[in-house]
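Visitor: If you scroll down you'll find the structure; I have some questions about it.
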Amino acid sequence: SKSNQTAQILLSEFRQASATPLHRLRQVSDDMTAEMHAGLLSEGGSQQLKMLPTYVEHLPTGDEEGLFYAVDLGGTNFRVLRVQLGGKEKRIMNQEYQEVAIPPELMLGTSKELFDFIAKTLADFVATEGEGFDAHSGHIRELGFAFSFPVLQTSVKSGIVIHWTKGFKIDDAVGKDIVAAFEEAIGRKGDHIRVAALVNDTVGTLARGRFWNEDTMLGVILGTGTNACYVEQADAVSKWRDPPPKSGEMIINLEWGNFRSPHLPRTFADEEVDVESVNPGDQWFEKMVGGMYLGEIVRRVLAKIAQEAGLFGGSSSPKLFEPFSLSTPYVSKMHSDESAELTEVAKILEDVFEIQSTTFQERKIVHDVCDILAERGARLAAAGIVGILKKIGRDGSTTNGSQGLKNSNGKTVVAMDGGLYEHYAQFRSYMQAAIEEMLSETAAKSVVLELSKDGSGIGTALLAASHSQYG
Ligand code: ADP
Ligand code: MG
């Protein structure tokens with residue numbers, strides 16, 4: 001039919017606009033490397049990448065012992081957890097966690113409301129500490145705090161909120177020490193637990209990876225948002241004014257969600273998502289890659305094809321035109337539908353958009369849009385990783401060579417965490433394929449993307465241990 005033809009034309013235009021051929025990925029990764037250099041040179045040296053020094057001096061080695069807690073404030077959920085560590089032989093003897101959804105109104109409220117809620121959840125969780133967990137008598141319980149928003153750290157356990165992302169906007173917290181706000185809330189509850197380390201979730205993920213494998217050099221989050229950190233040589237951080245750390249290495253949090261490049265394949269849908277967000281103009285990379293936005297981009301593309309080409313028989317489903325009605329887990333469910341008739345796609349279109357009957361061609365378009373956008377996001381994330389590998393001379397390119405980072409027995413492990421990476425199989429395989437496409441064969445063999453499950457939470461507890469006052 002004519003409308004199906006128009007739909008096919010719109011789809012192929014969109015496919016073109018979203019394409020990430022190898023040469024484009026190389027431009028993106030080159031831009032990432034260049035911005036990293038600029039951001040290390042001076043404060044504000046890069047308009048995009050903050051390249052934040054983290055003050056984490058000791059990555060876990062596996063020798064840590066004792067009971068440690070973590071609070072992981074991500075974007076959608078927050079988790080409280082505890083681990084009992086038993087040293088080199090026993091490693092993690094026991095772990096327990098609890099996950100709580102953040103009430104939406106707290107994302108736009110006050111700092112006090114948010115932290116009172118977190119402190120209460122933490123206190124309730126500590127109260128359930130039972131067998132298999134042993135708080136050393138005479139020790140105050142220690143906690144790692146994973147806070148996954150841009151923070152200017154002032155020490156390993158203090159830092160100032162720069163701004164919010166991922167749908168959070170708590171204005172009174174900006175410019176203030178986030179640990180102080182948290183500890184005040186803990187104090188109001190009358191509890192005894194202290195923050196031993198404030199870490200970005202990427203750093204927790206790196207730490208969790210390093211605890212098990214000393215070749216771990218990068219931590220990457222693909223969840224609600226996206227970000228990465230890596231191990232850098234201290235003397236490469238020109239903007240650092242304090243004495244260099246003894247290890248000679250520093251962990252740098254890129255805050256790559258705010259990366260942008262003229263080579264990013266931005267479309268009308270990305271433009272719309274950005275303009276209507278609580279942080280327009282910011283976080284372009286995150287808005288093209290992160291789980292918070294992927295479903296919404298798919299929805300906008302489908303809405304446009306419905307409007308301009310009568311997709312779904314032009315049936316005006318109000319839900320199809322409602323922002324954020326399609327969440328990313330549905331995208332991955334539809335994408336992994338391998339049935340001949342795309343019956344899962346049909347079911348989700350009905351459940352989510354209340355579109356009762358669809359033709360196979362329509363369902364195929366939906367499937368294609370999911371595929372196009374997952375592939376784009378995955379390949380851009382891969383280009384980011386290759387940009388970092390290049391910066392540390394681990395991309396196998398002859399011009400770089402190893403910068404002499406201590407640890408280089410062949411492998412470079414990238415610790416990965418986040419719901420998008422963990423649960424979206426096609427996304428993972430597109431990433432892996434892009435890494436292999438971009439690197440030489442030898443380099444590709446040495447780079448391992450490894451799921452660091454619950455890395456941000458457990459890794460943060462591990463960092464509390466490696467920065468314990470009783471250590
Ligand atoms: P956060 O980034 O908030 O710390 P997570 O790492 O748990 O949280 O990631 C949650 C995000 O992961 C969700 O916002 C969603 O976008 C994405 N996600 C969760 N489940 C799936 C799934 N099955 N398929 C694709 N994406 C998923
Ligand atoms: Mg998280």
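Visitor: What are the principal axis extents of the Cα atoms in the chain, in Å, biggest first?
Guide: 76, 54, 41
Visitor: Going by average Cβ density within 10 Å per residue, which order do the peptides 280-292, 260-272 take, highest to lowest?
Guide: Result, highest mean first: 280-292, 260-272.
Visitor: Let me ask another. Nearest 5 percent is fine: what portion of the DSSP beta bridges confined to the chain is antiparallel?
Guide: Percentage antiparallel, nearest 5: 60.
Visitor: Over all Cα pairs of segment 58-199, how is the pair count split among 10 Å bins, expressed in % and running from 0 up to the last occupied bin?
Guide: Whole-percent P(r) values from 0 Å outward: 11, 42, 34, 13, 1.
Visitor: With axes computed from alpha carbons, what is the tilt in degrees of helix 291-309 against the longest principal axis of the chain, rounded to the nearest 10 within 0 to 90?
Guide: Computed tilt is about 10 degrees.
Visitor: What is the log10 of I(q)/I(0) for segment 23-101, computed with the Debye formula using one identical point scatterer on each Cα and no solvent, at q = 0.14, 0.16, 0.24 Å⁻¹?
Guide: Calculated log10 I(q)/I(0) at the listed q: -0.79, -0.84, -1.02.
Visitor: I would also like to ask the following. What number of lysine-lysine pairs in segment 288-419 show an alpha-carbon separation below 19 angstrom, given a sequence spacing of 8 or more or placement on distinct chains?
Guide: Qualifying lysine pairs in segment 288-419: 11.
Visitor: When each pair of different Cα atoms in segment 288-434 is counted once in the 1/r mean, what is the Kirkwood radius in angstroms, to one decimal?
Guide: 17.1
Visitor: Count the DSSP beta bridges whose two residues both fall in segment 58-199, then state the antiparallel fraction as a percent rounded to the nearest 5.
Guide: DSSP beta bridges in segment 58-199 are roughly 65 percent antiparallel.
Visitor: Calculate how steeply helix 178-188 sits against the longest principal axis of the alpha-carbon atoms of the chain, using the helix alpha-carbon long axis, and give the answer as 0 to 90 degrees to the nearest 10.
Guide: On a 0 to 90 degree scale, this one is about 70.
Visitor: OK, next. Sort 336-343, 431-438 by the packing proxy (mean of other Cβ within 10 Å over each peptide's residues), most packed first.
Guide: 431-438, 336-343
Visitor: Moving on. Name the long-range amide H neighbours of Glu232: under 5 Å, sequence gap of 5 or more, or other chain; modelled H, no Pro or chain starts.
Guide: Those lying under 5 Å, H to H, from Glu232 are Met250, Ile251, Ile252.
Visitor: Also: Collect residues whose amide H, placed 1.01 Å from N in the peptide plane, falls under 5 Å from the amide H of Gly159; neighbours closer than 5 in sequence don't count.
Guide: For Gly159, whose amide H was placed from the backbone, the distant partners under 5 Å are Thr154, Ile178, Val179, Ala180.
Visitor: While we're looking at this one, here's another question. Can you tell me which of 299-305, 114-120 comes out highest on packing, and rank the rest after it, using the mean Cβ neighbours within 10 Å?
Guide: My ranking of the peptides, most packed first, is 299-305, 114-120.
Visitor: Quick check: pseudo-label points 7 Å beyond the Cα along Cα→Cβ at Glu271 and Lys333, how many nm apart are they?
Guide: Label at Glu271, label at Lys333, 3.3 nm between them.
Visitor: Also: Please report how many Lys pairs in segment 58-199 have alpha carbons closer than 14 angstrom, counting only residues at least 8 apart along the chain or sitting on separate chains.
Guide: Qualifying lysine pairs in segment 58-199: 6.
Visitor: Still on this structure, please answer the following. In segment 65-151, what GluC sites (Glu not before Pro) fall in a loop by DSSP, with at most 14 other Cβ atoms inside 10 Å?
Guide: When the GluC sites (Glu not before Pro) of segment 65-151 are filtered for loop state and at most 14 Cβ neighbours within 10 Å, Glu131 remain.
Visitor: A further question on this structure: Report the local net charge at Met107: Lys and Arg +1, Asp and Glu -1, summed over other residues whose C-beta lies under 9 Å from its C-beta.
Guide: With Lys, Arg at +1 and Asp, Glu at -1, the net is +1.
Each value in this text was obtained by applying a stated rule to the coordinates, not by laboratory testing. Quick caveat: nothing in here was measured; it's all calculated off a predicted structure. Neighbour counts run over all protein chains shown; Cβ positions are idealised from the backbone, glycine included.
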